[in-house]
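Worksheet: the structure to be examined is printed underneath.
What follows draws every value from the coordinates through simple rules; no lab data is involved. The shown structure was predicted, so the numbers you read here are calculated from the model rather than taken from an experiment. Cβ placement follows ideal geometry from the backbone for every residue including glycine, while neighbour counts extend to all protein chains displayed.
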Amino acid sequence: MGMRKVFVGLWLTVILVCWVVVPLTFAGERGSSIAVESIGMTVSDMDRSIAFYSDVLAFKPISDVEVDGPEYDQLWGIFGVRARMVRMQLGAQELELTQFLAPPDVRPIPVPSYSNDLWFQHIAIVVRDMEAAWAQLRKHHVRQISPRPQTIPISNPAAAGIKALKFRDPDGHNLELLWFPEGKGNPIWKKTGTNLFMGIDHTAMTVRSTEDSIKFYRDLLSFTVAGGTLNMGVEQEYLDSLPGARVRVTGMTTQTGTPGVEFLEYELPAAGRLMPQDSAVTDLWHWHVTVKVRDVDAVTASLCSQAMCVSKTGVALRDHAMGYAKSLFVHDPDGHGIQVVSP
């Protein structure tokens, strides 16, 4: 569910859709200075994905490169790789799409998939007008998860009136729309303008253990716990299209705030299917969070001692085609991808 930030006096707080306001603290100068630079996913047909995100959701392509070579084999743990990578921007946030041109094996997202499966991840896109955004999805025959936008009831006053809708892109990746009434949400989402789709607020991922995930992101990557809530009720069930859904939501933030990261621990139905052990970046269920740090080498030892590091060491990318000089690819406790990068 959605994590939002709102000023209360001099304090910045986070609103977790469904449905509470909680205090936000900052990592300060603990360890590396970090930011979530982008959210990435693997796609099967780049031109189709560019058209979808551009035409339906108003993202704009800002870079389009192809990469290959032994350093990329090492980074992603795949031999003979060649990939087309397109950065798309919405507001101040970026989405990174990757199509693997070689090797040719690309596995689809399992059908059916549910939000309590541990490969589940989505991005939350803030909109200026939910009814107009929903009409845009229907105009383009987009596959919906939620039957219609769900509105937080007045029984949850801290977030009452916030609207959310979940749907899928052409490859089956999960996406969410969010709308905030007056007095709710990060002030950046209340700037005047005419753009219907405004930006990416966060990425949310399903986890087995909130405590284990907090320990990983907080202690190894200097994220800060922003707050949490327990979400249940008919709105949550219809939002997820999951009868009886009861989910523990925990928001995590970096020094730069948006986009944030959210953990979804399903108590009912209990955590579903595990991330496949042989998951690779070429699989269409692959997502990753690109985390920018001061120095990849400074965090490599601690990360690789407690996580599955695909690339084992920081990889120097001499061509800088991806926008950074060094990168390390790791998996969190549930197999979600993290790309740690430095200039």
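In this simple spin-label model, placing a label point 7 Å from the Cα along the Cα-to-Cβ direction at both ARG318 and ARG107 gives a separation of 3.4 nm.
Could you grab the relative contact order for the chain? Cα pairs under 8 Å, six or more apart, rounded to a whole percent.
Details: 855 pairs, mean separation 82.2, N = 343.
It rounds to 24 percent for the chain.
Here the 3J(HN,Hα) profile of region 203-218, calculated from phi with Karplus coefficients 6.51, -1.76 and 1.60 at θ = phi - 60°, is 10, 10, 9, 7, 10, 7, 10, 4, 4, 5, 5, 4, 4, 5, 6, 6 Hz, Gly and Pro shown as x.
Gyration tensor over the Cα atoms of region 201-251: the corresponding equivalent ellipsoid has semi-axes (square roots of 5 times the eigenvalues, largest first) of 24, 10, 9 Å. Along its first, second and third principal axes, ordered by size, the chain spans 56, 44, 41 Å in Cα coordinates. Measuring against 21 Å, Cα to Cα, the residue pairs LYS60/LYS163; LYS139/LYS190; LYS215/LYS292 contain LYS60/LYS163; LYS139/LYS190 as the ones spanning a longer distance.
Taking H placed 1.01 Å from N in the peptide plane, check which residues at least 5 places from SER63 or on another chain put their amide H under 5 Å from its amide H. The list, which skips near neighbours in sequence, is ARG87.
Magnitude of the charge dipole for the chain, about its Cα centre and with charges confined to Cβ atoms of Lys, Arg (+1) and Asp, Glu (-1), is about 820 debye.
Each residue of region 110-127 is assigned a 3J(HN,Hα), and the resulting list reads x, 10, x, 10, 10, 5, 8, 6, 6, 8, 5, 7, 8, 10, 9, 9, 7, 10 Hz, derived from the Karplus form 6.51 cos²θ - 1.76 cosθ + 1.60 (θ = phi - 60°), x at Gly and Pro.
For ASN231, the residues whose modelled amide H falls within less than 5 Å of its own, excluding neighbours fewer than 5 places apart on the same chain, are VAL247, ARG248, VAL249. To check you understand DSSP bridge types, tell me what percent of the beta bridges within the chain (both residues inside) are antiparallel, rounded to 5. The answer is about 80 percent antiparallel. Excluding same-chain neighbours fewer than eight residues apart, the lysines reachable from LYS312 by a Cα-Cα span under 17 Å are LYS326.
Among DSSP beta bridges lying fully in region 178-321, give the percent that are antiparallel, nearest 5. Intermediate values should be presented prior to the final figure.
Values: 15 of 20 bridges.
Taking every DSSP beta bridge with both residues in region 178-321, the antiparallel ones total about 75 percent.
The spacing between region 223-240 and region 254-314, judged by their C-alpha centroids, is 21 Å. Simple rule: put +1 on each Lys or Arg Cβ and -1 on each Asp or Glu Cβ in region 218-343, find the dipole, and look at GLY335, VAL234, LEU264; the Cα lying farthest toward the positive end is GLY335.
Residue-wise HN-Hα couplings along region 233-239, as the Karplus relation 6.51 cos²θ - 1.76 cosθ + 1.60 with θ = phi - 60° gives them from phi, are x, 5, 5, 5, 4, 6, 4 Hz; Gly and Pro carry x. Take 290-299, 122-131 and order them by the average number of nearby Cβ atoms within 10 Å per residue, most first; the result is 122-131, 290-299.
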